[in-house]
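Let me begin by presenting the structure, written as C-alpha cells, before commenting on it.
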Ligand SMILES: *Cc1c(COP(=O)(O)O)cnc(C)c1O
C-alpha cells in the first residue's frame with residue numbers, strides 16, 4: 001500500500017515514511033492510493049476472529065486490518081506490536097471496545113476504557129509502540145512537542161511514557177484543565193515526559209508550538225515531531241473499532257448499522273468513513289458537534305467555514321471546541337473524486353482569502369451517498385441528555401458522548417442498530433456531571449486518590465524562546 005497527498009502531489013510513500021510525519025510537503029494530508037475492499041468471506045472470517053470479544057480477538061482483527069495498509073513492517077513484528085497494545089490489562093475487558101445496549105436499537109460502544117479514559121488512547125497506545133519500533137529500527141530519536149487542553153496531551157503521555165527514543169514536551173494552559181486531567185498528566189514521573197504549563201490560554205500554547213515548528217533549523221537540530229490527529233497511523237488504528245462494534249450488534253453481514261460520533265477535528269468519524277469505503281455495511285455516519293458546528297453546517301449545506309478564535313466557543317464538551325476540522329480535507333478529497341488540484345485550491349487559497357468555501361449543488365448532493373448526516377448539541381441539550389440517560393437507563397455518560405447520543409436519537413431508523421461512540425468517561429468532566437445530576441461522576445477503580453499524587457511540571461511564560469531553551473536543555477541530557 002502506498003500513500004499520496006490530498007493536494008495533488010502524486011509522490012507515493014510507504015507507511016513507515018509517513019508514520020513520523022505530519023502534513024505532506026505540499027500541505028495536504030496523506031491517504032492510501034485506494035481503499036482495500038473487503039469481500040463477504042473476509043468479513044465473515046474477521047467476525048470469527050473477533051468472536052464475542054474473546055481474548056486476543058481484537059488484536060487479531062487489528063492485525064488483519066492494519067496489514068492491508070502496512071507493508072513495510074514484517075508481519076510477525078506487526079502482530080507483536082498489536083498484541084502488546086490491545087490487552088485486557090490496558091483496556092479492562094477482552095472485548096477492548098464492549099458495546100452495551102441502551103434501549104431498543106440504541107447502543108453505546110465504549111472506547112474510553114484505556115489509561116486516560118478517552119477514545120484517543122485507542123490510537124495513541126498503538127502509535128507509542130509503532131514509534132518506539134520504527135525509531136529503534138532507524139537508530140533515531142524523536143522529541144514530540146504538543147499543546148493540549150486535556151485529552152490529546154494525556155493520551156500522548158500515557159502512550160509514550162518510558163518508550164525508548166521518544167521524549168514528550170507537552171504544553172498546557174496553566175490551571176485551566178480540569179483537576180482530574182491535571183492530576184492525570186502531572187502525576188507521571190517518567191523521565192521522558194515533560195509537562196510545561198504556560199501562563200496563558202490554550203491558543204497561546206498552540207501559537208508557541210507553531211512558532212517552534214516554524215523554526216526549521218531548530219526543528220531539524222532537535223528532531224521535533226508531533227502526534228496530532230492528522231497522523232495517518234492514528235486514523236488507521238481507529239478503523240478497527242468500527243468493525244469490532246459492527247460484529248457486536250449483528251449476526252449476519254447483510255445487516256447494516258449506523259454510528260453516531262461526537263466530532264471536533266473529524267479524526268474519529270473519518271476512520272468510520274474509511275471503514276465504510278472498505279465495505280463495512282454502514283448505513284449512516286452521524287456527525288455530532290457541539291456549539292462549534294463547523295461540521296454540522298457543512299454536512300447540512302455544503303458550506304465549509306473556518307471560525308475565527310472569537311467565534312470559537314468554550315463549551316462543556318471541550319475536546320470538540322475547534323475552529324476548523326483538521327481531518328476534514330481527507331473526506332473532501334474522496335467527495336471531490338480525488339481531484340487534488342481542486343482540494344488544493346479549496347483548502348489553500350479559498351480558506352486563506354475567504355475563510356472557507358461553498359460546494360456546488362452537485363457536490364453537495366453527493367455527500368449523502370457517503371452516508372453522512374449531522375446534527376448539533378448545546379450545553380442545555382447535554383445536561384438534558386445526561387439526566388435522561390441516568391434517570392431512564394442508570395447509565396452515566398460524559399458530555400461528549402451526550403452530544404453524540406442527542407444527535408443519534410434524531411437519526412434513529414427502525415431496525416437499524418445505532419452505535420453511539422463513547423469518547424470519554426464522565427470522571428474526566430466532573431463539573432458538568434455535577435451540574436446535570438447533582439452528584440459527582442462515577443470513577444473507575446484505582447483512580448480514587450489521583451488528585452493527591454505528587455505533581456511534576458514546569459511553568460513558563462508565553463514565550464517561545466523560553467520553551468526552546470527548556471527543550472534544548474532537556475534534549476542534551
Ligand atoms: C478528541 C475528542 C473528540 C473529538 O474527536 P475528533 O477525532 O477530533 O473528531 C470527542 N470527544 C472526546 C472526549 C475527545 O477527546
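The values are calculated or read from the model by the stated rules, or taken from the named source; none is laboratory data. For clarity, every value in this text was computed on a predicted model and none was experimentally measured. So basically every Cβ, Gly included, is an ideal-geometry build from the backbone, and we count neighbours across all protein chains shown.
Considering the range 357-382, and only residues there that are buried (at least 17 other Cβ atoms within 10 Å of the Cβ) and without any contact (Cβ under 8 Å) to a residue 60 or more places away in the chain, the residue that is farthest from residue 258 (Cα to Cα) turns out to be 357.
I'd like to check something: does the range 393-400 contain any residue that is farther than 26 Å from residue 206 by Cβ, within 15 Å of the ligand (Cβ to nearest atom) and assigned to a loop (DSSP other than H, G, I, E, B)? Within the range 393-400, one or more residues are farther than 26 Å from residue 206 by Cβ, within 15 Å of the ligand (Cβ to nearest atom) and assigned to a loop (DSSP other than H, G, I, E, B).
Residues that are at negative phi and more than 15 Å from the ligand (Cβ to nearest atom) were ranked within the range 278-296; the one that is surrounded by the most Cβ atoms within 10 Å (Cβ to Cβ) is 284. Please determine whether any residue of the range 329-342 is in contact with a helix residue (DSSP H, G or I) (Cβ under 6 Å, 6 or more places away or on another chain), within 15 Å of the ligand (Cβ to nearest atom), closer than 14 Å to residue 294 by Cα and part of a loop (DSSP other than H, G, I, E, B). No, the range 329-342 contains no residue that is in contact with a helix residue (DSSP H, G or I) (Cβ under 6 Å, 6 or more places away or on another chain), within 15 Å of the ligand (Cβ to nearest atom), closer than 14 Å to residue 294 by Cα and part of a loop (DSSP other than H, G, I, E, B).
Against the criterion of being under 20 Å from residue 133 (Cβ atoms), touching a strand residue (DSSP E or B) at 6+ places or on another chain (Cβ under 6 Å) and either surrounded by 14 or more Cβ atoms within 10 Å (Cβ to Cβ) or free of Cβ contacts under 8 Å to residues at least 12 places away in the same chain (or both), residue 70 does not qualify.
With respect to residue 434, is the statement that it is in a helix (DSSP H, G or I) and modelled with pLDDT under 95 true? Judged against the criteria, residue 434 is not a match. Does any residue of the range 305-315 turn out to be crowded, with 23+ Cβ neighbours inside 10 Å, in contact (Cβ under 8 Å) with a residue 24 or more places away in the chain and within 14 Å of the ligand (Cβ to nearest atom)? No.
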